[in-house]
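Chemist: Below are the structure tokens for one structure; questions will follow.
Here, each number is a calculation from the coordinates, and none is a lab measurement. Source: prediction; values computed, not measured. Don't worry about glycine lacking a Cβ; one is built from the backbone with ideal geometry, like all the others, and counts go over all protein chains shown.
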């Protein structure tokens with residue numbers, strides 16, 4: 001292969017020069033540890049028999065219809 005794609009002396013220069021922008025809004029909140037998040041979703045889904053995603057989404061409405069038909 002002839003040559004390389006850029007020299008190693010230029011590596012990482014752009015990222016170092018870009019200013020650090022603080023996170024704002026929804027992204028500023030830290031996420032829960034995946035193990036804990038999965039535990040909460042399991043409790044919602046299996047123990048309480050509720051839809052684990054957003055409450056008013058189309059899939060939540062489908063889930064609620066299915067649950068009502070089983071009763």
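Chemist: Is it the case, given these coordinates, that residue 20 is touching a helix residue (DSSP H, G or I) at 6+ places or on another chain (Cβ under 9 Å) and free of Cβ contacts under 8 Å to residues at least 12 places away in the same chain?
Modeler: Criteria not met by residue 20.
Chemist: Within segment 9-37, track down each residue that is in a loop (DSSP other than H, G, I, E, B) and at positive phi.
Modeler: The answer is 12, and nothing else.
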